[in-house]
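Asker: Below is a structure I'd like to ask you about.
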Amino acid sequence: MERPFFTAAIGFTTALTFLLLLWRRRRSDILRKIPGPPSSSWLYGHMQELILAENYGDHEFKWQEQYGMVYKVKGCFGQDRLMVSDPTALKYILNDNVTFARSEQQQRVVRELVGEKTISYVHGADHRRLRNIMNPAFSASYIHTLPPIFKKVADRLIENWETAQESHASDTPMDVFHSLHVASLDAIGEAVMGFSVHNHPDYVNSYADLLTLSSVRSKRAILADAFIPYVPRFIFSASMQLPTSAARFIRKNKNVSNRVSHELYQSRKETLGMGEKPKDLLSVMVKATMSNQSAGKMTQEEFSQVISAVVIAGHETTANTIAWALYELAKNPEYQEQLRQEINTKLTRGDPTCNDLDALLHLNAFMKEVLRIYAGLPISERQVTSDTVIPLSKPIITTTGEQIHEIPVDKGQHIAVTISAYNKLVPVWGKDALDFKPSRWLDGSVPTSNAIGPYANLLTFLGGSRVCIGWRFAITEMQVIISELLRHYYFNLPSESEICCNVAFTIIPVAKATGSPSLPLIVTRVE
């Protein structure tokens, strides 16, 4: 007996399957034809060149110049990765954090370091809920109340430097790197939590240990990171209980952070119960745990983890940016004099306001250039969760000479949002894009349209739904601390010191002689 419907269905299914296979084959073929540098190692791919370069970008920026705004590199074990700095592609990726999610490797590290209830881990509705709760504490109106707090932090930093210099000659180099990290941690503690971290050395030391851990760079560390997605979650979590220094540092930080968060929660809950209006992030979040409305509700577990995430994400990148600012000032004494004169002329009354700080044109041009050249996070990894097509601003010429205007990518594809490389794109910033040149922000040559990020068309704070929630906070903190340091000190580079720009989670200054995070400067008091 014939079954025409069954036969037709089989034929249709077979044809559809064949077309689907052809389509997927073409997608894979296109990816294989995207140009990129040759790899000499199946085991490491290009990861050694990207991560272990003496100065970050030694290879990446040359590859971008040679292969364009989208090219292909190899990860460990022969994995294909797309390096993306094309503005149109970046907007498409950053505006869709469902299709372009954080990579599995990143997510597991965040989970073990902070937890799976924090804003830097969750997606979708939970991410929107937490962000909406936190937004008032990072609004422009609240940021305008912070300069006096940041000035007190700067004053404490200056006092510490004065004490440290009492036993040294004025021309003896002083390593300012770790003291800047303590100051940035202090700024977040005071402005976000109403918590004086300088009175809690165990808290400060636990974050110093994390900084030491994140600064480790080696071929072994590259392979360890590459293996993370392939290790069952329960085994990876269990490894955090091993008696290794890395696991101890992470456990110590989580224990200290959870204890402090609990103490702050109980204290602030009492003051809010007495009618105090919530202002800082801590108060806003404590109030959210007391809410009866699901849309504005935050659990105590979320509260603790969000506090830890804000501290980790906020203090390290800002401290490193201030360090690089001082490095460039020490390299270029003419910038120092120009900025110092502007600061002394315009900041003449008490604590500066945000309006006062924003009116310092040369200081802000200098800061923008520091943020452009030394993006705190140079790369942000994404992993595609469903097949899609990425649009391009300019066509790519494949290795076979074909011109393509979009790139089809399959589920699972790894994509690197190349923040630092975008900040140095010649089509965006001009032929001198690799040069440190603050005057570009004053002569009208910087593009003001089609911005990706929230500040100065820079990608440093990312963009889209995952844009850095604390970018205004960071800018104001840097404005205050840099201006106060310039009021009090001259900065010069020691003749015998060579500083390298390494990537170790963030971009950090490293002494070439020791390989350790360090920024020795000759710091002389302004009389």
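Asker: Volume per residue, Å³, of the convex hull around the alpha-carbon atoms of segment 191-296?
Answerer: 157 Å³
Asker: Let me ask something else about it. Measuring from the lowest to the highest alpha carbon on each principal axis, how far does segment 406-505 reach, largest first, in angstroms?
Answerer: Here the Cα extents, ordered largest to smallest, are 54, 33, 31 Å.
Asker: Could you give the angle, 0 to 90 degrees to the nearest 10, between helix 361-373's Cα long axis and the longest principal axis of the Cα atoms of the chain?
Answerer: That works out to roughly 40 degrees.
Asker: Would you mind putting 309-319, 428-438 in packing order, based on average other-beta-carbon counts within 10 Å, highest first?
Answerer: The densest-packed peptide leads the list: 309-319, 428-438.
Asker: Here's another thing I want to ask about it. Quick one: go through segment 348-376 and flag any residue whose amide nitrogen is under 18 Å from the point 7 Å out along the Cα-to-Cβ line of Lys279.
Answerer: Taking a point 7 Å out along Cα→Cβ of Lys279, the residues of segment 348-376 whose backbone N falls under 18 Å are 351-355.
Asker: Further question: Between His200 and Asp358, with labels modelled 7 Å along Cα→Cβ, what's the label distance in nm to one decimal, could you check?
Answerer: 3.3 nm
Asker: For Gln79 and Lys252 in the same chain, what is the full-extension length gain: residue separation times 0.36 nm, less their Cα-Cα distance, in nm?
Answerer: 58.8 nm
Asker: Same structure, new question: On a 0 to 90 degree scale, rounded to 10, what angle separates helix 177-188 from the longest Cα axis of the chain?
Answerer: It is inclined by approximately 90 degrees.
Asker: Quick one: of the DSSP bridges fully inside segment 34-525, what percent are antiparallel, nearest 5?
Answerer: Antiparallel bridges: around 90 percent, rounded to the nearest 5.
Asker: Assuming 0.36 nm per residue, please report the length gained on full extension of the stretch Ser239 to Val216 beyond their Cα-Cα distance.
Answerer: Result: 6.5 nm gained on full extension.
Asker: Could you sort out which of Lys277/Lys297; Lys152/Lys331; Lys33/Lys431 sit more than 25 Å apart by Cα distance in this structure?
Answerer: Pairs exceeding 25 Å: Lys152/Lys331; Lys33/Lys431.
Asker: Let me ask something additional. When each pair of different Cα atoms in segment 60-152 is counted once in the 1/r mean, what is the Kirkwood radius in angstroms, to one decimal?
Answerer: 16.8 Å
Asker: What is the extension gain from Ser393 to Arg128, computed as 0.36 nm multiplied by their sequence separation minus the C-alpha to C-alpha distance, in nm to one decimal?
Answerer: 92.5 nm
Asker: Using the charge dipole of segment 128-168 (Lys, Arg: +1 at Cβ; Asp, Glu: -1 at Cβ; taken about the Cα centre), state which of Pro136, Ile149, Thr163 has its Cα farthest towards the positive end.
Answerer: With unit charges placed on the Cβ atoms, the residue in question is Pro136.
Asker: Further question: Determine the calculated [θ] at 222 nm for the chain from helices alone, applying -39500 (n - 2.57) to every DSSP H run no shorter than 4 residues and normalising by the residue count; nearest 500 deg cm²/dmol.
Answerer: Calculated at 222 nm, the ellipticity per residue is -16000 deg cm²/dmol.
Asker: Another question, if that's okay. So, in nm, how far is label Glu498 from label Asp58 when the simple model puts each one 7 Å beyond its Cα toward the Cβ?
Answerer: Modelled inter-label distance: 1.0 nm.
Asker: Regarding the chain, what is the average projected area of its C-alpha convex hull, in nm²?
Answerer: Answer in nm², one decimal: 30.7.
Asker: Next question, about the same structure. By average Cβ neighbour count within 10 Å, what is the ranking of 453-463, 244-254 from highest down?
Answerer: 453-463, 244-254
Asker: In addition: Report the calculated FRET efficiency for Glu65 and Thr348 (r = Cβ-Cβ distance, R0 = 30 Å), to the nearest 0.05.
Answerer: After rounding, the FRET efficiency stands at 0.05.
Every number here is computed from the coordinates shown, using simple stated rules; none is lab data. Everything quoted here is computed from the prediction, not taken from an experiment. Don't worry about glycine lacking a Cβ; one is built from the backbone with ideal geometry, like all the others, and counts go over all protein chains shown.
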